[in-house]
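Colleague: Take a look at the following structure, please.
The values are calculated or read from the model by the stated rules, or taken from the named source; none is laboratory data. Just so you know, these numbers come straight off a predicted model, no measurement behind them. All Cβ positions, even for glycine, are placed from backbone atoms using ideal geometry, and neighbour counts span all protein chains on display. Surface accessibility is based on the protein's heavy atoms, side chains included, excluding ligands, DNA and RNA. Shrake-Rupley method; radii C 1.70, N 1.55, O 1.52, S 1.80 Å.
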Amino acid sequence: MADQSKKRQGGGAPVGRRALLGVLAAGAVGVVAGPPLQRGWGKALAAASQVDGTGLTGLLPNPGGFRYFSVVGSVPRKSERNYVLTIGGLVDRPGTYTLPQLRALPQTRVVGDVVCTDGWRVDGTPFEGVRLADLLDAAGVRGEAGAVRFTCFDGAYSESLTLEQARRSDVLVALNMQDKPITHEQGGPVRLYVAPMYFYKSAKWLSGIEVTEKVVPGFWEERGYPVDGWLDGADRGDEAA
Ligand SMILES: Nc1nc2c(c(=O)[nH]1)N[C@H]1C(S)=C(S)[C@@H](COP(=O)(O)O)O[C@H]1N2
Ligand SMILES: [Mo]
(Lines give C-alpha, C1' and ligand atoms only; values in the text may rest on other atoms or scores of the structure.)
(Ligands and ions follow the chains in the order given, each with its own letter.)
Protein backbone atom coordinates (compact mmCIF):
# COMPACT_ATOMS: atom_id res chain seq x y z
CA MET A 1 0.00 0.00 0.00
CA ALA A 2 3.06 2.25 0.14
CA ASP A 3 2.21 4.00 -3.07
CA GLN A 4 -1.50 4.31 -2.72
CA SER A 5 -1.25 7.52 -0.76
CA LYS A 6 0.49 9.12 -3.70
CA LYS A 7 -1.34 10.49 -6.62
CA ARG A 8 -0.10 12.07 -9.80
CA GLN A 9 -1.08 15.66 -10.31
CA GLY A 10 -1.14 16.65 -13.94
CA GLY A 11 1.88 14.52 -14.73
CA GLY A 12 4.03 16.25 -12.11
CA ALA A 13 5.53 14.82 -8.98
CA PRO A 14 3.38 12.45 -6.94
CA VAL A 15 1.57 14.36 -4.25
CA GLY A 16 0.91 12.81 -0.87
CA ARG A 17 -2.48 12.87 0.70
CA ARG A 18 -1.21 15.16 3.43
CA ALA A 19 -0.44 17.83 0.89
CA LEU A 20 -3.87 17.41 -0.57
CA LEU A 21 -5.44 17.61 2.86
CA GLY A 22 -3.41 20.71 3.53
CA VAL A 23 -4.81 22.24 0.38
CA LEU A 24 -8.34 21.38 1.41
CA ALA A 25 -7.71 22.65 4.91
CA ALA A 26 -6.33 25.89 3.54
CA GLY A 27 -9.77 26.87 2.36
CA ALA A 28 -11.39 25.77 5.57
CA VAL A 29 -9.08 27.17 8.19
CA GLY A 30 -6.84 29.53 6.29
CA VAL A 31 -3.52 28.11 7.44
CA VAL A 32 -1.85 28.08 4.05
CA ALA A 33 -1.44 31.65 2.86
CA GLY A 34 -1.51 31.36 -0.90
CA PRO A 35 -2.71 28.94 -3.53
CA PRO A 36 -0.54 25.86 -3.14
CA LEU A 37 0.29 25.61 -6.82
CA GLN A 38 1.85 29.07 -6.70
CA ARG A 39 3.68 28.36 -3.49
CA GLY A 40 4.93 24.99 -4.71
CA TRP A 41 4.07 21.59 -3.41
CA GLY A 42 7.10 21.45 -1.16
CA LYS A 43 5.82 24.30 0.93
CA ALA A 44 2.29 23.00 0.83
CA LEU A 45 3.54 19.68 2.11
CA ALA A 46 5.45 21.31 4.93
CA ALA A 47 2.39 23.33 5.89
CA ALA A 48 0.18 20.28 5.63
CA SER A 49 2.33 18.20 7.91
CA GLN A 50 2.05 20.93 10.52
CA VAL A 51 -1.69 21.29 10.29
CA ASP A 52 -2.25 17.59 9.72
CA GLY A 53 -4.95 17.99 7.19
CA THR A 54 -7.40 19.96 9.20
CA GLY A 55 -5.46 22.49 11.18
CA LEU A 56 -7.29 21.18 14.21
CA THR A 57 -5.10 18.29 15.22
CA GLY A 58 -2.84 20.36 17.41
CA LEU A 59 -5.81 21.66 19.34
CA LEU A 60 -7.37 18.31 20.04
CA PRO A 61 -6.35 15.53 22.36
CA ASN A 62 -4.82 12.53 20.68
CA PRO A 63 -6.73 9.70 22.32
CA GLY A 64 -4.69 6.54 22.47
CA GLY A 65 -2.78 7.10 19.25
CA PHE A 66 -5.71 8.13 17.08
CA ARG A 67 -5.27 11.13 14.85
CA TYR A 68 -8.19 13.41 14.21
CA PHE A 69 -9.21 13.47 10.57
CA SER A 70 -11.78 15.57 8.81
CA VAL A 71 -11.88 16.86 5.27
CA VAL A 72 -13.89 19.88 6.41
CA GLY A 73 -13.08 22.48 9.02
CA SER A 74 -16.10 22.06 11.23
CA VAL A 75 -18.75 19.40 11.60
CA PRO A 76 -22.16 19.95 13.21
CA ARG A 77 -22.77 18.01 16.40
CA LYS A 78 -25.51 15.39 16.42
CA SER A 79 -26.96 14.04 19.59
CA GLU A 80 -29.64 11.81 21.01
CA ARG A 81 -32.24 14.35 19.97
CA ASN A 82 -31.34 15.06 16.37
CA TYR A 83 -29.30 12.13 15.02
CA VAL A 84 -30.96 10.20 12.20
CA LEU A 85 -29.54 7.49 9.97
CA THR A 86 -31.29 7.07 6.62
CA ILE A 87 -31.28 3.88 4.59
CA GLY A 88 -32.56 3.94 1.04
CA GLY A 89 -31.77 3.41 -2.61
CA LEU A 90 -32.38 -0.03 -4.11
CA VAL A 91 -34.31 -1.42 -1.13
CA ASP A 92 -37.92 -2.47 -0.65
CA ARG A 93 -38.30 -0.75 2.73
CA PRO A 94 -36.39 2.55 2.94
CA GLY A 95 -36.40 4.04 6.42
CA THR A 96 -34.66 5.89 9.21
CA TYR A 97 -33.14 4.99 12.58
CA THR A 98 -32.69 7.17 15.64
CA LEU A 99 -29.97 6.45 18.20
CA PRO A 100 -32.35 4.67 20.61
CA GLN A 101 -33.61 2.56 17.72
CA LEU A 102 -30.06 1.58 16.74
CA ARG A 103 -29.23 0.74 20.35
CA ALA A 104 -32.31 -1.48 20.60
CA LEU A 105 -31.02 -3.74 17.80
CA PRO A 106 -28.65 -6.66 18.47
CA GLN A 107 -25.13 -5.31 19.12
CA THR A 108 -21.96 -6.94 17.83
CA ARG A 109 -18.44 -6.42 19.15
CA VAL A 110 -15.52 -6.49 16.73
CA VAL A 111 -11.92 -6.00 17.87
CA GLY A 112 -9.63 -4.95 15.05
CA ASP A 113 -6.43 -3.15 14.17
CA VAL A 114 -7.05 0.43 13.13
CA VAL A 115 -4.56 1.37 10.40
CA CYS A 116 -4.39 4.71 8.59
CA THR A 117 -2.54 4.95 5.30
CA ASP A 118 -0.56 7.83 6.80
CA GLY A 119 1.35 5.37 8.94
CA TRP A 120 -0.24 5.41 12.38
CA ARG A 121 -2.10 2.43 13.84
CA VAL A 122 -3.95 1.42 16.97
CA ASP A 123 -4.03 -2.33 17.32
CA GLY A 124 -6.76 -4.26 19.09
CA THR A 125 -9.40 -1.54 19.10
CA PRO A 126 -12.87 -2.69 20.15
CA PHE A 127 -15.91 -1.40 18.28
CA GLU A 128 -19.56 -2.17 19.01
CA GLY A 129 -22.69 -1.58 17.06
CA VAL A 130 -25.20 -2.99 14.63
CA ARG A 131 -24.05 -5.19 11.80
CA LEU A 132 -24.52 -3.35 8.53
CA ALA A 133 -25.79 -6.69 7.16
CA ASP A 134 -28.70 -6.60 9.61
CA LEU A 135 -29.75 -3.12 8.48
CA LEU A 136 -29.50 -4.19 4.84
CA ASP A 137 -31.59 -7.29 5.50
CA ALA A 138 -34.21 -5.25 7.34
CA ALA A 139 -34.41 -2.84 4.40
CA GLY A 140 -34.76 -5.64 1.84
CA VAL A 141 -31.99 -5.22 -0.75
CA ARG A 142 -33.30 -5.58 -4.30
CA GLY A 143 -31.92 -8.06 -6.80
CA GLU A 144 -30.28 -5.49 -9.06
CA ALA A 145 -28.21 -4.00 -6.20
CA GLY A 146 -24.45 -4.46 -6.17
CA ALA A 147 -22.98 -1.87 -3.81
CA VAL A 148 -23.56 0.42 -0.86
CA ARG A 149 -22.71 4.09 -0.63
CA PHE A 150 -22.24 5.90 2.69
CA THR A 151 -22.73 9.62 3.26
CA CYS A 152 -21.85 11.75 6.26
CA PHE A 153 -23.34 14.74 8.06
CA ASP A 154 -20.08 16.63 7.65
CA GLY A 155 -21.53 17.28 4.20
CA ALA A 156 -18.43 16.18 2.30
CA TYR A 157 -17.15 12.68 3.01
CA SER A 158 -18.45 9.54 1.36
CA GLU A 159 -17.43 5.93 1.07
CA SER A 160 -18.54 2.80 -0.77
CA LEU A 161 -18.37 -0.96 -0.45
CA THR A 162 -19.49 -3.74 -2.72
CA LEU A 163 -22.60 -5.49 -1.41
CA GLU A 164 -20.52 -8.55 -0.64
CA GLN A 165 -18.11 -6.50 1.46
CA ALA A 166 -20.97 -4.65 3.14
CA ARG A 167 -22.55 -7.92 4.23
CA ARG A 168 -19.46 -9.15 6.09
CA SER A 169 -19.98 -9.79 9.77
CA ASP A 170 -17.02 -7.54 10.66
CA VAL A 171 -18.56 -4.43 9.12
CA LEU A 172 -20.44 -2.39 11.72
CA VAL A 173 -22.57 0.68 12.03
CA ALA A 174 -20.67 1.46 15.20
CA LEU A 175 -21.99 3.24 18.30
CA ASN A 176 -19.11 2.47 20.67
CA MET A 177 -15.36 2.60 20.24
CA GLN A 178 -12.92 1.57 22.96
CA ASP A 179 -15.92 0.62 25.12
CA LYS A 180 -17.34 4.16 25.15
CA PRO A 181 -19.87 5.99 23.02
CA ILE A 182 -18.06 7.34 19.97
CA THR A 183 -17.10 10.96 20.59
CA HIS A 184 -17.93 13.72 18.15
CA GLU A 185 -14.23 14.02 17.22
CA GLN A 186 -14.06 10.34 16.36
CA GLY A 187 -17.11 10.48 14.14
CA GLY A 188 -19.89 10.01 16.66
CA PRO A 189 -22.54 9.38 17.47
CA VAL A 190 -22.39 6.82 14.65
CA ARG A 191 -19.52 5.87 12.35
CA LEU A 192 -18.89 2.99 10.05
CA TYR A 193 -16.27 0.42 11.03
CA VAL A 194 -14.89 -1.74 8.22
CA ALA A 195 -12.53 -3.96 10.19
CA PRO A 196 -10.61 -5.63 7.32
CA MET A 197 -9.79 -2.38 5.51
CA TYR A 198 -7.73 0.76 5.99
CA PHE A 199 -9.42 3.23 8.29
CA TYR A 200 -10.33 5.66 5.50
CA LYS A 201 -13.11 3.21 4.66
CA SER A 202 -14.63 3.75 8.12
CA ALA A 203 -16.71 6.85 7.44
CA LYS A 204 -17.18 9.13 10.43
CA TRP A 205 -20.42 11.02 11.17
CA LEU A 206 -22.44 8.47 9.22
CA SER A 207 -25.84 9.75 8.12
CA GLY A 208 -26.83 7.85 5.00
CA ILE A 209 -26.71 4.31 3.65
CA GLU A 210 -27.74 4.08 0.02
CA VAL A 211 -27.91 0.81 -1.84
CA THR A 212 -26.73 1.30 -5.41
CA GLU A 213 -26.28 -0.78 -8.52
CA LYS A 214 -22.53 -0.20 -8.81
CA VAL A 215 -19.80 1.15 -6.56
CA VAL A 216 -19.81 4.95 -6.49
CA PRO A 217 -16.24 6.09 -5.69
CA GLY A 218 -16.01 7.83 -2.31
CA PHE A 219 -14.16 10.99 -1.28
CA TRP A 220 -10.67 9.47 -1.26
CA GLU A 221 -11.40 7.05 -4.08
CA GLU A 222 -12.11 10.02 -6.34
CA ARG A 223 -8.63 11.22 -5.35
CA GLY A 224 -6.74 8.07 -6.22
CA TYR A 225 -7.33 5.65 -3.35
CA PRO A 226 -8.48 2.11 -4.09
CA VAL A 227 -12.12 1.22 -3.54
CA ASP A 228 -10.90 -2.07 -2.08
CA GLY A 229 -8.91 -0.83 0.87
CA TRP A 230 -7.89 -4.24 2.24
CA LEU A 231 -5.35 -4.35 5.01
CA ASP A 232 -2.36 -6.58 4.41
CA GLY A 233 -3.26 -10.05 5.59
CA ALA A 234 -7.01 -9.35 5.76
CA ASP A 235 -9.26 -12.32 5.25
CA ARG A 236 -10.96 -11.32 2.02
CA GLY A 237 -13.46 -14.12 2.16
CA ASP A 238 -14.35 -15.34 -1.30
CA GLU A 239 -13.00 -12.26 -3.03
CA ALA A 240 -9.98 -12.72 -5.24
CA ALA A 241 -6.78 -11.56 -3.56
N1 LIG B 1 -16.50 11.80 7.52
C2 LIG B 1 -15.19 11.46 7.50
N3 LIG B 1 -14.85 10.18 7.76
C4 LIG B 1 -13.55 9.80 7.75
C5 LIG B 1 -12.52 10.73 7.43
C6 LIG B 1 -12.90 12.08 7.17
O7 LIG B 1 -12.06 12.97 6.90
N8 LIG B 1 -14.25 12.40 7.23
N9 LIG B 1 -11.19 10.33 7.40
C10 LIG B 1 -10.94 8.90 7.28
C11 LIG B 1 -9.57 8.55 7.60
S12 LIG B 1 -8.41 8.76 6.40
C13 LIG B 1 -9.23 8.01 8.81
S14 LIG B 1 -7.66 7.47 9.15
C15 LIG B 1 -10.22 7.90 9.89
C16 LIG B 1 -9.75 8.72 11.07
O17 LIG B 1 -10.61 8.52 12.16
P18 LIG B 1 -10.31 9.28 13.53
O19 LIG B 1 -10.39 10.77 13.23
O20 LIG B 1 -11.37 8.81 14.47
O21 LIG B 1 -8.92 8.88 13.96
O22 LIG B 1 -11.51 8.33 9.53
C23 LIG B 1 -11.87 8.08 8.17
N24 LIG B 1 -13.24 8.49 8.02
MO1 LIG C 1 -6.58 7.66 7.22
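Colleague: At 1.4 Å probe size, with the rest of the protein present, what percent of the exposed accessible area of the range 75-223 is carbon and sulfur atoms?
Modeller: 48
Colleague: With a 1.4 Å probe and all protein chains left in place, how much accessible area per residue does the range 122-176 have, in Å²?
Modeller: Result: 31 Å² of accessible area for each residue.
Colleague: Sticking with this one: From the phi of every residue in the range 136-148, what ³J(HN,Hα) in whole Hz does the Karplus formula 6.51 cos²θ - 1.76 cosθ + 1.60 yield, where θ is phi - 60° and glycine or proline is x?
Modeller: 5, 4, 4, 7, x, 5, 6, x, 7, 6, x, 7, 10
Colleague: What is the sum of charges, Lys and Arg at +1 and Asp and Glu at -1, for the other residues whose Cβ falls under 14 Å from the Cβ of Pro76?
Modeller: Within the 14 Å Cβ shell, the charges total +2.
Colleague: Which of rounded, prolate or oblate describes the range 117-241 when judged by the alpha-carbon gyration tensor and an a/c cut-off of 1.5?
Modeller: It is rounded, given that a/c, with a ≥ b ≥ c, falls under 1.5.
Colleague: Here is a further query. Grab the other residues whose beta carbon is less than 10 angstrom from that of Lys201, score K and R as +1, D and E as -1, and report the net.
Modeller: Combined, the nearby Lys, Arg, Asp and Glu give -3.
Colleague: Assign unit charges at the C-beta atoms only (+1 for Lys and Arg, -1 for Asp and Glu), then state the dipole size of the range 75-223 relative to its Cα centre in Debye, rounded to the nearest 20.
Modeller: Around 320 debye, computed over the range 75-223.
Colleague: Provide the gained length on full extension for the span Asn82 to Arg121, in nm with one decimal, where the gain is 0.36 nm per separating residue minus the Cα-Cα distance.
Modeller: 10.8 nm
Colleague: So how many Lys-Lys pairs in the range 75-223 land under 20 Å Cα to Cα, not counting same-chain pairs under 8 apart?
Modeller: Value for the range 75-223: 4.
Colleague: Now, a different point. Compute the signed sum of charges (Lys and Arg +1, Asp and Glu -1) over the other residues within less than 9 Å, Cβ to Cβ, of His184.
Modeller: Within the 9 Å Cβ shell, the charges total +1.
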